[in-house]
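Participant: Before I ask anything, here is the structure I am working with.
The values are calculated or read from the model by the stated rules, or taken from the named source; none is laboratory data. For clarity, every value in this text was computed on a predicted model and none was experimentally measured. Here Cβ is always computed from backbone atoms with ideal geometry, including for glycine, and neighbour counts include all displayed protein chains. Ligands, DNA and RNA are stripped out before the accessible areas are found, and what is left, the full protein with its side chains, is counted by its heavy atoms. Shrake-Rupley method; radii C 1.70, N 1.55, O 1.52, S 1.80 Å.
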Amino acid sequence: MMRPNFMTPSSLFPYCLLLCCALGLVSCDTKKPEAKVKARPDETPVVKEMNRLALVHSPFLKSHETDPVDWYPWGEEAFKRAVAENKPVMVCIGYSSCPWTLKMQRETYTDPKIAGYLNRHFINVLVDREERPDLNNTYMRYAFIRSNQSGWPLHVWLTPKGLPWHTAIYLPPLTKEGTTGFKTTIEHVVNDWQDPAYVNREAAFRLDGSKDQKAALTVDGPRALNDRLGYRQQLARMQVGDGASKLDAAAFDLAYDKFNAAYDPAYGGFSGAPKFHQATVIEWLMEYASVKKRSAYGRSDRARVMATNSLEKLANGALQDQLGGGFHRYCVDSAWTVPQFEKMLFDQGYLAQAFLHAGMLTKKSEFLEVARRTLDYVEAELNNPAGGFYCAENCFSSLAVGEWEGAYYLWTKAEIDQLVGPELAPVMAQMYALTDSGNLPVELMQIQTQRFPGQNILRLAKPLAEVAKTLNLPLEKVSAMAAEGNAKLLNARRMRLRPLRDEKVLPAWNAVMISAFLEGATQLDQPNYLKRAVKAAEFTYTSFLHADYTRPRFAEDYALLIKAMLDFYETTGEATWLERAVTLQGRMDKELWDTAGGGYWDGPTDPNLFIAMKSSDEASEFAPNATAAANLVRLSRLLGDASYRQRAGSTLNAFAGETTAAPPKGVTTPAGPATHVRMLGAYDLYSRPGCQFLLCGKPSDPAIQAFQAILLKNYRPNSYVLYLDGGPSESLLKASNKELSALKPEGDKPLLVVARNFKSEKVLTSPEELKAFLAEEF
């Protein structure tokens, strides 16, 4: 599991200044600034000294530039000083749209006494988890093993040489009501550090089970040794699993059984509070329904119901912004009534795709409409004019102390009544369950009183048909009244101060959104979405491979960009996109492939990171190894290159133990099929010969366009579209796979060939034949 640190250190953060201005991405200069700033909205000359973070370009890090804490960005300077002064390192990992991170900054990091203590006893390092997924994944997993909890802001205390020995998440500044405060915690950490039993602990950290543990005990103490060895042992045992389970089709049913048992029939979803959308689980259930289409026991129907009902419930709840579109991060309750109000770009991308696929599967326009609203929100509010998309919107509209979380989205009933007028007010009250005291359910009244007194959070409490019946009005009239009322509220809301926006542009996040816009263009018949996808794809791909790109290139960036390039090829038939996918895959293989154990490292070797990770489970937003395995299968099915399939198999084998087995005794890290649904999806692609649809004819031919439109508008998991167009695509495909020459019928008549493993099954000559085949197959 250990990755040797033999590579030279790379520049961990910065883009060049030019790219920083264009991309909104991260850059960093580790020299402490001597400048002063004037920090008052009324321009009163109150001068605050800025710390090192004044010279970085990350919005999250810059928001801490006037903290009295002597922050360092992650890098050599911090660890060199820690070694020179023999001080432990406190790493704090957070992000700009996290309310708990902001709360801790307001309460704790601006407290001069706490800051002074931190500066005396620690070297303090601040990390944006979105910029450094490798650090975040490693330390989150460590914290979960060490204390069975993780979250943000995550604090990890390291030895001067970077070895962790204590963790904490959000803490109030001082101990109160039985909750240990941050000040007490850091005092305990300092006492631990000064304990002779913890001297020279680096020797024990480096043990991997094959070294002399007895010698280490004499310098580190049994407690510290067990903590350090336990982390690596648990990771290794997790990869092995139970030693018996194999990655096979049985794992699919095990995951289904888990979700079926956890499913909430009343509100949808697969957990209690807090409840996340789990779009990847919903996607997997829709794919499972297709796989089990012909099986007994009703698994297919049940999987489809769980997926589509969950989407309906979360769309009607407060997780969706009912006025402006887009989705919040999660809800603090199981009924989707109180969201955590930040909006993350990748959530929009994953959910837009899930709703598009549900619309394809069920033919319900309501699902497609939610996807459209989501895409329009992203284009309106997260658009980067240079080409990409910004990361997130905060739950706060300013950094003012005392501002209500989510204030941008909250309403009193009196305010709504005044804005919409007496005719529309009854419709809005019925539709959103508005009351003078607020509209949270009785079981959440305590939360309402403490957090949102007298406030209403908009959710569709009643369908319009029921509202019409209650008010004794025609449904058409009520629909028009609801639309008019929503428009008035949205216009009024736009006059409020908008939530703060994190204007980083990250490759993986953009890739998810690119795929969503690309699918939306087809499913919603929106050519402007295709233009937006092309613009973002060109920008992201070019920036990512630019010679001046100095931010580390992570596995999630490669994997999601490759997927987006493949999506583009199969949608448009343009060979350039497939060539780009091949280029990116080659670089990912060269830079991040684990030659010993298979799979891809999360990022380049970092000399200050004590252990490298290869993330694959749903604890990672992007499950990069699962996405990479699926990409490799797709490349093999498009190009016929056996090396891609071999590497996909090696990746799947590397994670077979943790994907299939329940966690071994004493292991607290994620394991089992239900926590690896994207890996199961990749295995499904690998293990079953999916359909290859070969479009034989010129792209301009109406018959080819008709075939293409049907393929793109139908739900057909584990299938691939190849373009034998007599041009660049055909040349590229045949250069890689000579078998394709035998699959294309002679003559100029446009045809569609259905194949598996490049072996022809049937030739289709009309759109009607294709529709009949898709209905039978999927």
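Participant: Which of the peptides 61-69, 555-563, 152-160 is most tightly packed, and how do the rest follow, judged by the mean count of other Cβ atoms within 10 Å per residue?
Facilitator: Values: 61-69: 20.4, 555-563: 27.6, 152-160: 22.2.
Taking the mean over residues of other Cβ atoms within 10 Å, the ranking is 555-563, 152-160, 61-69.
Participant: Arranged from highest to lowest average of other beta-carbon atoms within 10 Å per residue, in what order do the peptides 756-762, 116-122, 304-310, 163-169 appear? Before the final figure, lay out the partial values.
Facilitator: Working: 756-762: 12.7, 116-122: 16.9, 304-310: 22.3, 163-169: 20.1.
The densest-packed peptide leads the list: 304-310, 163-169, 116-122, 756-762.
Participant: Tell me the Rg and the Dmax, in Å, that the Cα atoms of the range 295-345 produce.
Facilitator: According to the Cα coordinates of the range 295-345, Rg and Dmax are 13.8, 43 Å.
Participant: Round to a whole angstrom and tell me the spacing of the C-alpha centers of the range 574-606 and the range 687-724.
Facilitator: Between the Cα centres of the range 574-606 and the range 687-724 lies a distance of 27 Å.
Participant: A follow-up question, please. Run the paramagnetic zone check for residue 273: 7 angstrom along Cα to Cβ, then residues of the range 155-193 with backbone nitrogen under 11 Å.
Facilitator: Residues passing the 11 Å test: none.
Participant: Next up: Give me the Å³ per residue figure for the convex hull around the C-alpha atoms of the range 283-425.
Facilitator: Numbers: hull volume 22.1 nm³, N = 143.
Taking only Cα atoms, the range 283-425 has a hull volume of 154 Å³ per residue.
Participant: How are the C-alpha pair distances of the chain spread across 10 Å bins, as whole percents from the shortest bin up?
Facilitator: In whole percents, the pair-distance histogram is 2, 13, 22, 25, 20, 12, 5, 1, 0.
Participant: Assign unit charges at the C-beta atoms only (+1 for Lys and Arg, -1 for Asp and Glu), then state the dipole size of the chain relative to its Cα centre in Debye, rounded to the nearest 20. If you can, show how the numbers build up before the last one.
Facilitator: Numbers: 88 positive and 89 negative charges, 174 e Å.
That gives the chain a dipole magnitude of about 840 debye.
Participant: According to a simple spin-label model (label point 7 Å from Cα along Cα-to-Cβ), what is the distance in nm between residue 147 and residue 81?
Facilitator: It is 2.4 nm.
Participant: What value, in deg cm²/dmol to 500, does the helix sum -39500 (n - 2.57) over DSSP H runs of n ≥ 4 give at 222 nm once divided by the residues of the chain? Display every interim value, and only then the final one.
Facilitator: Numbers: 32 runs with 377 residues, N = 778.
So the calculated ellipticity at 222 nm is -15000 deg cm²/dmol.
Participant: Hey, if you put +1 on the Cβ of every Lys and Arg and -1 on every Asp and Glu Cβ in the chain, which of 285, 467, 723 ends up farthest toward the positive end of that dipole?
Facilitator: Working it through, the farthest residue towards the positive pole turns out to be 285.
Participant: In addition: Pull up the cross-link candidates among the aspartates and glutamates for residue 293, meaning alpha carbon to alpha carbon under 15 Å and not fewer than 8 places away within one chain.
Facilitator: Those aspartates and glutamates meeting the cut-off are 253, 301, 684, 776, 777.
Participant: If you don't mind, another one. Taking the Cα centre of the range 698-778 as origin and charging only Cβ (+1 Lys, Arg; -1 Asp, Glu), how large is the dipole, in debye to the nearest 20?
Facilitator: Values: 11 positive and 11 negative charges, 39 e Å.
So the magnitude is around 180 debye.
Participant: Also: For the range 628-701, which semi-axes, largest first and in whole Å, follow from the square roots of 5 times the eigenvalues of its Cα gyration tensor? Show your work: numbers first, answer last.
Facilitator: On the way: eigenvalues 221, 30, 13 Å².
Ellipsoid semi-axes (Å, largest first): 33, 12, 8.
Participant: Kirkwood Rh over Cα pairs of the range 645-778 into Stokes-Einstein at 20 °C, 1.002 mPa s: D in µm²/s?
Facilitator: Estimated via Stokes-Einstein, D reaches 126 µm²/s.
Participant: If you average 1/r across every pair of different Cα atoms in the range 131-196 and take the reciprocal, what Kirkwood value do you get, in Å?
Facilitator: Details: mean 1/r = 0.0782 Å⁻¹.
So the Kirkwood estimate lands at 12.8 Å.
Participant: Multiply the residue gap between residue 538 and residue 688 by 0.36 nm, knock off their C-alpha separation, and tell me the result in nm, one decimal place.
Facilitator: Details: separation 150, 0.36 × 150 = 54.00 nm, distance 3.30 nm.
Value of the extension gain: 50.7 nm.
Participant: Given the range 707-778, what count of lysine pairs have C-alpha atoms under 13 Å apart, with each pair 8 or more places apart or on different chains? Write down the numbers at each step before the final one.
Facilitator: Details: 713/771; 734/744; 738/759; 744/759; 744/762.
For the range 707-778, the number of qualifying lysine pairs is 5.
Participant: In terms of Cα to Cα distance under 17 Å, which lysines are near enough to residue 80, apart from those fewer than 8 places away along the same chain?
Facilitator: Output for residue 80: 31, 32, 161.
Participant: So, R0 is 22 Å and r is the distance between the beta-carbons of residue 769 and residue 738; what FRET efficiency does that work out to, to 0.05? Could you put the intermediate results ahead of the total?
Facilitator: Details: r = 28 Å, r/R0 = 1.27.
Working from the Cβ atoms, E equals 0.20.
Participant: Could you give me the radius of gyration and the Dmax of the range 249-367, taking only the C-alpha atoms into account and expressing both in angstrom?
Facilitator: Over the range 249-367's Cα set, Rg and Dmax evaluate to 14.0, 43 Å.
Participant: Any idea what log10 I(q)/I(0) is at q = 0.10, 0.15, 0.18 Å⁻¹ for the range 475-596, Debye with uniform C-alpha scatterers and no solvent?
Facilitator: For the range 475-596, the Cα-only Debye profile gives -0.46, -0.79, -0.96.
Participant: Sticking with this one: So what are the three principal axis dimensions of the range 525-658 from its Cα atoms, in whole Å, longest to shortest?
Facilitator: 46, 34, 27
Participant: Ok, one more. Working out 0.36 nm times the residue gap between residue 698 and residue 442, then minus their Cα-Cα distance, what length gain in nm do you get to one decimal?
Facilitator: 85.9 nm
Participant: So what is log10(I(q)/I(0)) for the range 589-639 at q = 0.13, 0.23, 0.24 1/Å, when the Debye sum runs over its Cα atoms only?
Facilitator: For the range 589-639, the Cα-only Debye profile gives -0.35, -0.94, -0.99.
Participant: While we're here: In debye, nearest 20, what is the charge dipole magnitude of the range 559-669 about its Cα centre with +1 on Lys and Arg Cβ and -1 on Asp and Glu Cβ, if you could check? Don't jump to the answer; show the numbers that get you there.
Facilitator: Details: 10 positive and 14 negative charges, 59 e Å.
With Lys and Arg at +1 and Asp and Glu at -1, about 280 debye.
Participant: Counting only heavy atoms of protein chains, what accessible area per residue, in Å², does the chain have with a probe of 1.4 Å? Could the numbers behind the result be given before it?
Facilitator: Numbers: 30540 Å² over 778 residues.
On a per-residue basis, the chain sits at 39 Å².
Participant: Sticking with this one: Rounded to the nearest percent, how much of the accessible area of the chain (1.4 Å probe, protein heavy atoms only) is carbon and sulfur? Before the final figure, lay out each step's value.
Facilitator: Numbers: 16570 of 30540 Å².
Carbon and sulfur together cover 54 percent of it.
Participant: In the range 361-462, how does Rg compare with the Kirkwood Rh, expressed as the Rg/Rh ratio over alpha carbon atoms?
Facilitator: Result for the range 361-462 is an Rg/Rh of 1.04.
Participant: Per residue, what volume in Å³ does the Cα convex hull of the range 245-314 take up?
Facilitator: Values: hull volume 6.6 nm³, N = 70.
Here the figure is 95 Å³ per residue.
Participant: Seen from all sides and averaged, what is the projected area of the convex hull of the Cα atoms in the range 69-206, in nm²? Don't skip to the end; give the middle numbers.
Facilitator: Working: hull surface 33.3 nm².
Result: a mean projected hull area of 8.3 nm².
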